[in-house]
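S.K.: Please find one structure pasted underneath; my questions will follow.
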Amino acid sequence: MNDEVMEAPLPAAADDYDASSIELLSGLEGVRKRPGMYIGSTNLTGLHHLVWEIVDNAVDEAVNGYGKKITVTLHKDGSLSVEDEGRGVPVDIHQKTGIPAVQLIYTALHAGGKFNSKAYQVSGGLHGVGATVTNALSEWLKVTVYLKGKIYEISFKDGGKLDVPLRVIGETRKHGTTVCFKPDPTIFPNTRFSYETIANRLEEKSYLLAGVRFVLVDENTNTKREYYCEHGLREYVASLVREKTPMGEIIDFSGEYNGIRMEVALQWCTQDYNENIYSYANDVRTADGGSHETGFKQGLTKCLNDWAQASGLLKAGVSLEGGDIREGLTAVISVKVPEGKLEYEGQTKGKLGTPEALPALTSLVSTRFSYYLNEHRDFGVDLVKKCEASREAREAARKAREAARGTRKKTPELIISDKLAAAQGKNYKQNELFIVEGDSAGGSAKTGRDRSYQAILPLRGKPLNTYGLPISKVTENLEFSTLIQTIGAGVGPDFDVEESHYGKIIIMTDADTDGAHIQTLLLTFFYNFMKPLIDHGMVYIAQPPLYSVYRKSDAKKHIYCWSEEELEKARNKIGPGYGIKRYKGLGEMNPSQLAETTMNRATRQLLRVEIEDSLLLEKKMSILMGKDSSPRWDWIKENVRFVLDDEFASILKGETQNG
Ligand code: 28G
């Protein structure tokens, strides 16, 4: 090791040094005071932002043509490192401040403007301040630069404070940058990185950045995975439909229009009723779509209708609706928009605004897809048939809904199900439907509920796995048709959340693996056939207590506990002579206990089901619930920490709340 200091002496003009370093520290403090402004939240999504910011910098260097391999390593001490083979972050001294460039890049909030004059903006991140944000929210961070024969190192601690100034620590023939950091546990309640989340993101990046190799190493499990792809989007679609039943082949188009580069790949699957469209602008996911997605949809609808009409497959005046065409479609759209034209809509960067992207995609898709149809007429005929079947199913569902609405008006509950204990009030937004595991818990819930606004629907046994089922199979199932009729708002594409007879749908199961499985099966149904309920935050999971602690001399008074910490507190509160009861199921509580702990608005805890990342969820659903069980087992084997409800909890972000 060589402890030699920087060869370059501080320039004489560096009299701004003190002022600059004070300014830098106050910037870092700002990030620590309001992390949400920079990374959205301090939950697991926010935690992983720290990683994406650093990975994005490495990716930028690679897409500029420097280095083709990026390695991410999860270390045993909870830190993470990212390594690239680029030019190496510059280490020269910034004239005005006398501070090395690398130090500025990791501590200055306005690096975007001053030190980072990128010709184009690729990463959807924080305009070049990402590295600083990661540093500010880390317990420590170390940058190693391999540059012009030397290895340089600089390290920071306690939220970006300089720990060891830049120095040379050795010699090398490599070039590139390695950043290693440990998130600050005083900022993040949970600092454990998720291997799956990172693996999925790197895999996604590898499809979008064909030719860049991503390596993921986990030192905890001694595993190493590589993501590399030569052709990009075709392989992406292939991975998305892996568990499905494809119809026809993967189709792809690419082109350029007014400087906007476009790539599209798509495939239809039978037995899939959802439309799965993933769009990107400059390699950043546009989860809320935007002009490129709209243009794609318009082009597809117009093209297939024109072709079907011209081929005599549709009666005059009849046309296929966009939604029917897209049923079962998996598509990836990637556009590269020049910097001056890149616009987003709304607060987040989830929706592309650039107006030119709309006609660009419409014209690409409609011309190229019509060529394709003319060359693959049999496929075209099958596709039109499939669209018509979708339309018929949609119309049947609408009729069923109207019928359900009609019957409800005449005789309130009995027609729907003799199992339903209905709510008496008719204020639908306020009403709550409890879906309860087991008839016996259902009985307690019926007795204990507030019947003015709470309804109970007991489930007998495990619900059907509805993943990949067509709507007709779901409505044939007694349990689900009862549920659909009870909610009274239709199903599938015809579902209308405004019609829901309940403002909250609450899943109440035992706190064990069977209960978790039932939750999963019900969530699968809601996700696939009543997704707006989840989008509107109307689906909840009841949280029965895990323990009660009581004084042995007076067993009537209980303290209910939902966690180990609460248990510990309750024990201390009661002191010597306490007893603990562990609840294994809802059935162990009598009606008033169940009401008090799990159902009463004032005292219960509910977990709201939210979709954090629909791409990840779709993928997990297809692995966990898909037709073929072998990938499921592979996946379970690979993920030792696997527990069904935990896995769901990590993607279905739960928010605990009262009331
Ligand atoms: C390993 C994890 C994250 C990076 C580079 C390379 C350069 C650089 C990074 O420059 C300031 C702005 C544009 C020149 C650029 C090196 C030009 C010449 C770079 C990374 C000064 C930033 N030599 N590699 N930043 N530029 N890798 N990996 O962060 O004008 S960041």
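S.K.: Mind listing the long-range amide H neighbours of Thr223? Cut-off is under 5 Å, sequence gap 5 or more, other chains count too, H placed in the peptide plane at 1.01 Å from N.
M.R.: Sorted by chain and number, the residues that satisfy this are Asp218.
S.K.: Can you work out ³J(HN,Hα) from phi for every residue in the stretch 376-381, in order, using Karplus 6.51 cos²θ - 1.76 cosθ + 1.60 and θ = phi - 60°, giving whole Hz and x for Gly and Pro?
M.R.: So the J values, rounded to whole Hz, are 10, 5, 4, 4, x, 4.
S.K.: Can you tell me the equivalent ellipsoid semi-axes for the stretch 443-542? Use √(5λ) from the Cα gyration tensor, largest first, whole Å. Walk me through the numbers before you get to the answer.
M.R.: Numbers: eigenvalues 83, 59, 33 Å².
Each semi-axis is √(5λ); the values are 20, 17, 13 Å.
S.K.: Right, another one. Hey, if we sort Lys161, Lys552 by accessible area with the 1.4 Å probe, largest down, what's the order? Display every interim value, and only then the final one.
M.R.: Working: Lys161 100, Lys552 140 Å².
The ordering from most to least exposed comes out as Lys552, Lys161.
S.K.: Give me Rg/Rg_expected for the stretch 487-596, where Rg uses Cα atoms only and Rg_expected = 2.2 N^0.38 Å with N residues.
M.R.: Details: Rg = 18.4 Å, N = 110, 2.2 N^0.38 = 13.1 Å.
Cα Rg divided by the expected 2.2 N^0.38 Å: 1.40.
S.K.: Taking the Cα centre of the stretch 477-575 as origin and charging only Cβ (+1 Lys, Arg; -1 Asp, Glu), how large is the dipole, in debye to the nearest 20? Write out the running numbers ahead of the final one.
M.R.: Values: 9 positive and 14 negative charges, 163 e Å.
Dipole about the Cα centre, nearest 20: 780 debye.
S.K.: Check Leu329: other-chain or 5+ apart residues with amide H under 5 Å from its amide H, H built from backbone geometry?
M.R.: Close amide H contacts, sequence-distant or interchain: Cys269, Asn276.
S.K.: Let me cross-check Met37: its accessible surface, 1.4 Å probe, with only protein heavy atoms counted, in Å² to the nearest 10?
M.R.: Roughly 130 Å² of Met37 is accessible to a 1.4 Å probe.
S.K.: Read phi for every residue in the stretch 596-610 and hand back ³J(HN,Hα) as whole Hz from Karplus 6.51 cos²θ - 1.76 cosθ + 1.60, θ = phi - 60°, with x for Gly and Pro.
M.R.: 5, 7, 10, 10, 5, 3, 6, 10, 7, 10, 10, 10, 7, 8, 10
S.K.: At 222 nm, what value in deg cm²/dmol follows for the chain if DSSP H runs of at least 4 each add -39500 (n - 2.57) and the sum is divided by all its residues, to the nearest 500?
M.R.: Details: 22 runs with 253 residues, N = 659.
My calculation for the chain gives -12000 deg cm²/dmol from helical runs alone.
S.K.: Please compute the length gained on full extension between Thr245 and Thr367, using 0.36 nm multiplied by the number of residues separating them and subtracting their Cα-Cα distance. Display every interim value, and only then the final one.
M.R.: Numbers: separation 122, 0.36 × 122 = 43.92 nm, distance 2.69 nm.
Working it through step by step, the gained length comes to 41.2 nm.
S.K.: Using the beta-carbon distance between Thr270 and Asp378 and R0 = 22 Å, what value does 1/(1 + (r/R0)^6) give for FRET efficiency, to the nearest 0.05? Let's see the in-between values first.
M.R.: On the way: r = 15 Å, r/R0 = 0.69.
Calculated value: 0.90.
S.K.: Name the trypsin sites (Lys or Arg not before Pro) in the stretch 288-328 that are in a loop by DSSP and that have at most 13 other C-beta atoms within 10 Å, would you?
M.R.: Details: sites: Lys297, Lys302, Lys315, Arg326; in loops: Lys315.
In loop regions of the stretch 288-328 (DSSP not H, G, I, E or B), the sparsely surrounded trypsin sites (Lys or Arg not before Pro) are Lys315.
S.K.: What distance in nm lies between label points placed 7 Å from Cα along the C-beta direction at Asp18 and Ala287?
M.R.: 4.7 nm
S.K.: A follow-up question, please. Which order do the peptides 191-198, 67-74 come out in when sorted by mean C-beta neighbours inside 10 angstrom, highest first? Can you show the working numbers first?
M.R.: Numbers: 191-198: 18.2, 67-74: 20.1.
Highest to lowest by the protection proxy: 67-74, 191-198.
S.K.: Over 22 Å between C-alpha atoms is what I'm after, so list which of Lys148/Lys205; Lys68/Lys224; Lys68/Lys351; Lys297/Lys385 land there.
M.R.: Details: Lys148/Lys205 29 Å; Lys68/Lys224 17 Å; Lys68/Lys351 29 Å; Lys297/Lys385 19 Å.
Lys148/Lys205; Lys68/Lys351, as the Cα separations exceed 22 Å there.
S.K.: Then there is this: Hey, can you grab everything whose amide H is under 5 Å from the amide H of Gly88? Only 5+ residues off in sequence or another chain; H modelled, so Pro and N-termini drop out.
M.R.: So Gly88 has HN proximity to Gly176, Thr177.
S.K.: What value in Å³ per residue do you get for the convex hull of the alpha-carbon atoms in the chain? Walk me through the numbers on the way to the answer.
M.R.: Values: hull volume 119.5 nm³, N = 659.
Considering the Cα atoms of the chain, their hull volume per residue is 181 Å³.
S.K.: Tell me the label-point distance for the pair Ser311, Glu498, using the 7 Å Cα-to-Cβ offset, in nm and rounded to one decimal.
M.R.: The modelled label-to-label distance comes out at 3.7 nm.
S.K.: Does the stretch 219-336 come out rounded, prolate or oblate by the C-alpha gyration tensor, with a ≥ b ≥ c the root eigenvalues, rounded set by a/c under 1.5 and, if not, prolate when a/b is larger than b/c and oblate if not?
M.R.: Prolate, since a/c reaches 1.5 and a/b exceeds b/c.
S.K.: Describe numerically, in nm with one decimal, the distance between label points set 7 Å from Cα along Cα→Cβ at Ile611 and at Asn258.
M.R.: 3.1 nm
S.K.: Convert each backbone phi in the stretch 198-208 into a coupling constant with the Karplus relation 6.51 cos²θ - 1.76 cosθ + 1.60 (shift: θ = phi - 60°), then list the ³J(HN,Hα) values in order as whole Hz, x for Gly and Pro.
M.R.: Once rounded to whole Hz, the list reads 5, 4, 5, 5, 5, 4, 4, 4, 5, 6, 7.
The values are calculated or read from the model by the stated rules, or taken from the named source; none is laboratory data. Remember, it's a predicted structure, so these values are computed and weren't measured experimentally. Ideal geometry is used to build each Cβ from the backbone, glycine not excepted, and the neighbour counts take in all protein chains shown. With ligands, DNA and RNA removed, areas are computed over all heavy atoms of the protein, side chains included. Shrake-Rupley method; radii C 1.70, N 1.55, O 1.52, S 1.80 Å.
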